[in-house]
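K.L.:
Pasting a structure here, questions to come.
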Amino acid sequence: MSRTQLLGAASAAVLSCFTAGAHASSVINGGGSTLAQFDYIAEFSAFNGSTTGATFGSYWEAGSGSGQNAFLYDDLTCDINKVSGANGGDCTGSTTSGPGTGGGVAGNTVVYGASDATLDNAEPPFASTDASQLAFWASESFGQALSGGLIQLPSMGIGVSFPVNNANVTTNGALSLSDKDLCEVFSGGYTDFSQITDAVTLSKVKGKYAPGPITVTYRSDGSGTSFILLDHLAAVCTAADTKAGVTFTATTNFVSVFGGTAPANFKGEKGSSGIAGFMEPATGSQPDTIGYLSPDFTSVVPTSFATVNGKASTLVVASVLNKVTPELPTATNITLGLGHATKGYYLTAPTTVTEGANPANWVPLVQVTAAGYPIVGYTTYDFAQCYKDPTITASVISFLTQHYTAGSAEQTDQADNGFVLIANSGAAGFGKGITKRFLTNNGTKANPAWNLNFGNTTVCKGIGR
């Protein structure tokens, strides 16, 4: 199968390629994020064509939450079943409240997870308290005891775009949304496009949306895209511009902000492709809608590999006001936003071994920006420090080196899909730390090595998933 064919039939490819990949002696298995799925499929394909070591199997686009669970439980069926629908979408031999077979069963080992939400923000079946997933890793047999340290890395900078179906939105940025507009729309306060007027009052965009009921399309699965959006709304929304009874919190479960039941005008869809497919169906019969997606699923990124219903996307997006300036989610504006974070968490790279040993400290969470596109964040990789197969370890290091190296085929894929390279983002300092602390183990007498690196001979002696 050619790379173009692989990208053009991603959903089918994940099912067919797994069987082929399973026959390789060393296969790098995993999945998760649908926001970045087309880029990851492209990057893994490029890497597989350049290596004689371990190769990536199917990328299971199961959603961020399932990707995290599969990785933590070391149970690939959590991803496979979510995509295929087997076992009701649950991990094999489990319910939604517990693990599947787990523990490195032959052919079932999960090398990595991909998510747009960090692991210190819980996804069921974990408890709702922060750090419950990291505590699980530290205490359960699938985690620290089997696999050494948990390595969580920022993969690429991303933005959350807002595709709009409305008669007066025919080009990208033709109309805008302010933070107040977003707070009202996604809390269910505004139910008609005629109510969206704040952006007109504040900005140079004078056009108004055509009146009509709003269908709000949201991610019904565990979604890191939901997490990034809700993290921003939690920071900027007030009681005055949010429907009574709704409080935004950073979570991968969008409908949880409504107590589990979304308003009548909300439509849940699974995966980025689900939202895109609903908003741009083959019949062209979509209702007036506002949704949220990564830019690569829209026409803002014409070079994107992502397709909607098998074709290049024609979805147009609203610009979003950064205070009073309309911004589109282009790579340039996302880069500017990531570099001008004014509110968030973990915004500076770890400087001590104690800080570095906490996986939460390696991924910046950006809530508010002073310039550029205002709703930005990072999609992440989750890896174990120790693998039984040294070929897996060497190939993971090789892939990540290329992923973070300027001029590589992997970085070309990132740029083509509208994502921001870590070296160009507000996490540039994190990129240097990743190379120094995880891909190598450099140290000096004054600043000794931290021993967090993949395959560290001391930590990984006698263990590995």
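The values are calculated or read from the model by the stated rules, or taken from the named source; none is laboratory data. Small disclaimer: the values here were computed from a predicted structure and weren't measured. Using ideal geometry, Cβ is built from the backbone for each residue, glycine included, and neighbour counts are taken over all protein chains shown.
K.L.:
Given the conditions (1) crowded, with 24+ Cβ neighbours inside 10 Å; (2) at pLDDT 90 or above; (3) over 29 Å from T303 (Cβ atoms), and given that D39 satisfies all but one, which numbered condition is not satisfied?
P.N.:
(3)
K.L.:
Checking S304 against (1) among the polar types (S, T, N, Q); (2) over 18 Å from the mean Cα position of the chain (by Cα); (3) over 20 Å from V205 (Cα atoms); (4) surrounded by 22 or more Cβ atoms within 10 Å (Cβ to Cβ), which test does it fail?
P.N.:
Looking at each condition in turn, S304 falls short on (2).
K.L.:
OK, next. Quick one: in region 164-216, which of the residues that are assigned to a strand (DSSP E or B) and farther than 20 Å from T247 by Cβ is nearest to the chain's Cα centre (by Cα)?
P.N.:
Only one residue fits best here, namely V164.
K.L.:
Filter region 244-261 for residues that are part of a loop (DSSP other than H, G, I, E, B), hydrophobic (A, V, I, L, M, F, W, C) and surrounded by fewer than 18 Cβ atoms within 10 Å (Cβ to Cβ) and give the result.
P.N.:
Selection gives A244 alone.
K.L.:
Another question, then. I need every pair where a residue in region 80-109 that is in the same structural domain as S33 (by TED's automatic domain parsing) and outside any loop (DSSP other than H, G, I, E, B) has its Cβ under 9 Å from the Cβ of a residue that is hydroxyl-bearing (S, T, Y) and modelled with pLDDT under 85, sequence separation at least 6 or different chains.
P.N.:
Pairs found: I80/T92; N81/T92; V83/S11; A86/T92; N87/S94; G88/T95; G88/T96; G89/T96.
K.L.:
Can you name the number of the only condition in (1) on the phi > 0 side of the Ramachandran plot; (2) basic (K, R); (3) in contact with a strand residue (DSSP E or B) (Cβ under 8 Å, 6 or more places away or on another chain) that K323 fails?
P.N.:
(3)
K.L.:
Also, quick follow-up: Six or more apart or on different chains, Cβ under 7 Å: which pairs go from a residue in region 314-336 that's without any contact (Cβ under 8 Å) to a residue 60 or more places away in the chain to one that's among the aliphatic types (A, V, I, L, M) and part of a loop (DSSP other than H, G, I, E, B)? Could you list them?
P.N.:
N322/A371; L336/A371
Table: residues versus (1) crowded, with 23+ Cβ neighbours inside 10 Å; (2) over 20 Å from the mean Cα position of the chain (by Cα); (3) part of a loop (DSSP other than H, G, I, E, B); (4) among the hydroxyl-bearing types (S, T, Y).
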residue: V396; (1), (2), (3), (4): yes, no, no, no
residue: T412; (1), (2), (3), (4): no, no, no, yes
residue: W450; (1), (2), (3), (4): no, yes, yes, no
residue: T457; (1), (2), (3), (4): no, yes, yes, yes
residue: G464; (1), (2), (3), (4): no, yes, yes, no
